[in-house]
Amino acid sequence: MTNGLLKKLPRHERPHRLDFAGAAIMTLATVTLMLALNWGGIQYPWSSHQIIGLLGSSLLLWTLFILRLASAPAPLIPTEVLADPVVALGILTACLGMGVFIGLTAYLPIYFELVYHLTASLSGLALIPYMVGTVTGATIASRLMGTTSHYKRMPLIGLAVAVSGLASLAIAPHGVNLVAIEFILPAISIGLGSILPVTTVAIQNAVMPHQMGTATGAMNFFRSLGGALIVAGFGAVVFSQVPQLAANAIGAEKLATSTSQEGIDVVAAFRLVFALAAIMLCLALGFFARMPEKPLRTKIPTGSAVAA
């Protein structure tokens with residue numbers, strides 16, 4: 001059914017060449033950065049020449065990628081797409097929002113096991129409200145987007161609530177009981193979920209029809225990259241405070257029963273994680289507030305309109 005409807009959409013094909021050099025440079029830049037973030041503080045010290053070399057190589061490769069975008073006749077990501085304020089600010093917002101969502105999804109089960117001494121199965125169950133909140137926020141925001149011209153209002157409010165929830169966890173993560181956590185986490189995830197459909201549709205609405213695929217692909221790439229980088233950042237914080245997890249010397253469930261004997265400050269580790277997540281969402285809130293709220297298109301532009 002979906003395939004039949006998609007075939008009715010107008011096609012906007014244009015001759016182009018694939019930028020294999022730009023894709024290769026971007027891939028190498030991403031891989032070196034990920035290796036540095038995953039190895040730093042675990043396999044090698046952050047000040048080691050291996051980590052410094054990887055970070056320097058990634059910075060050099062990202063610089064070459066930017067130069068490639070500016071000089072290539074058919075760059076991997078056209079500069080006019082990235083120059084659009086809706087696209088640029090929407091990508092930054094989605095990158096940070098998705099990164100925080102994935103990062104918290106990865107480390108909240110460990111948080112439940114170490115701080116609240118839940119078993120692995122119970123920590124998975126405790127994560128359900130957080131996941132349900134994301135779907136709920138995305139569904140409500142997408143529905144409202146089609147019925148109101150001020151479609152940024154709900155995500156702005158949702159992000160502000162998410163920042164407040166993370167700040168409360170950062171101040172006293174062990175002082176909040178488990179029941180309260182199960183109400184705070186959905187409030188956070190509703191705000192995170194609300195920005196995902198809004199940024200996607202806003203970016204697609206801001207570019208010309210033949211650029212929709214490029215803009216959407218760029219947003220998905222940087223959103224995934226943000227998730228990988230923030231997960232690695234959260235991991236660096238947790239593993240630096242709880243090195244037993246990094247070394248796989250003891251499981252999280254067993255570690256939860258021995259924190260007092262070994263003097264491991266698990267609460268401080270996750271306080272830093274929640275504070276870092278709150279800061280990132282503050283940045284996302286600022287980027288999203290600055291993103292222009294263009295009226296949504298009600299029809300596909302005709303050939304003459306696209307040419308104009």
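Could you please let me know if Val237 is touching a helix residue (DSSP H, G or I) at 6+ places or on another chain (Cβ under 7 Å), under 24 Å from Thr27 (Cα atoms) and part of a helix (DSSP H, G or I)? Full working, then the answer.
Values: touching a helix residue (DSSP H, G or I) at 6+ places or on another chain (Cβ under 7 Å): yes; under 24 Å from Thr27 (Cα atoms): no; part of a helix (DSSP H, G or I): yes.
No: the conditions fail for Val237.
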In the stretch 138-162, the residues that are under 18 Å from the mean Cα position of the chain (by Cα) and within 17 Å of Gly90 (Cβ to Cβ): Ala138, Ala141, Pro155, Leu156, Gly158, Leu159
Flag if Ile91 is in contact with a helix residue (DSSP H, G or I) (Cβ under 8 Å, 6 or more places away or on another chain), crowded, with 18+ Cβ neighbours inside 10 Å, at pLDDT below 90 and in the same structural domain as Gly191 (by TED's automatic domain parsing): no
Where a residue in the stretch 138-154 is over 10 Å from Val198 (Cα atoms) and its partner, wherever it lies, is of a type outside the set (Gly, Ala, Ser) and in a loop (DSSP other than H, G, I, E, B), with Cβ under 9 Å and at least six apart: Gly146/Leu296; Ser149/Glu293; Ser149/Pro295; Ser149/Leu296; His150/Glu293
Number of the condition not met by Leu54 [criteria: (1) in contact (Cβ under 8 Å) with a residue 24 or more places away in the chain; (2) part of a helix (DSSP H, G or I); (3) surrounded by 17 or more Cβ atoms within 10 Å (Cβ to Cβ)]: (1)
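Among the hydrophobic types (A, V, I, L, M, F, W, C), surrounded by 20 or more Cβ atoms within 10 Å (Cβ to Cβ) and assigned by TED's automatic domain parsing to the domain that holds Val115: does that describe Leu156?
Numbers: among the hydrophobic types (A, V, I, L, M, F, W, C): yes; surrounded by 20 or more Cβ atoms within 10 Å (Cβ to Cβ): no; assigned by TED's automatic domain parsing to the domain that holds Val115: yes.
Here the answer is no, as Leu156 does not meet what is asked.
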Any hit, the stretch 108-118, residues being in contact with a helix residue (DSSP H, G or I) (Cβ under 8 Å, 6 or more places away or on another chain), outside the structural domain of Ala232 (by TED's automatic domain parsing), of a type in the set (D, E, K, R) and not in a loop (DSSP other than H, G, I, E, B): no
The stretch 123-149, subset of a type in the set (A, V, I, L, M) and surrounded by fewer than 15 Cβ atoms within 10 Å (Cβ to Cβ), residue nearest to Phe222 (Cα to Cα): Val135
Residues that are crowded, with 17+ Cβ neighbours inside 10 Å and over 23 Å from the mean Cα position of the chain (by Cα), drawn from the stretch 57-76: Ser57, Arg68, Leu69, Pro75
Candidates Leu125, Leu166 - the one that is in the same structural domain as Leu108 (by TED's automatic domain parsing), modelled with pLDDT of 90 or more and under 20 Å from Cys95 (Cβ atoms): Leu166
Hits in the stretch 195-226 (condition: over 11 Å from Ile91 (Cβ atoms), part of a helix (DSSP H, G or I) and in contact with a Ser or Thr (Cβ under 9 Å, 6 or more places away or on another chain)): Ile195, Leu196, Pro197, Val198, Val201, Gln204
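The values are calculated or read from the model by the stated rules, or taken from the named source; none is laboratory data. Note that the structure is a prediction, hence the values are computed from the model and not measured. Please note: Cβ atoms are built from the backbone with ideal geometry, for glycine as well, and neighbour counts cover all protein chains shown.
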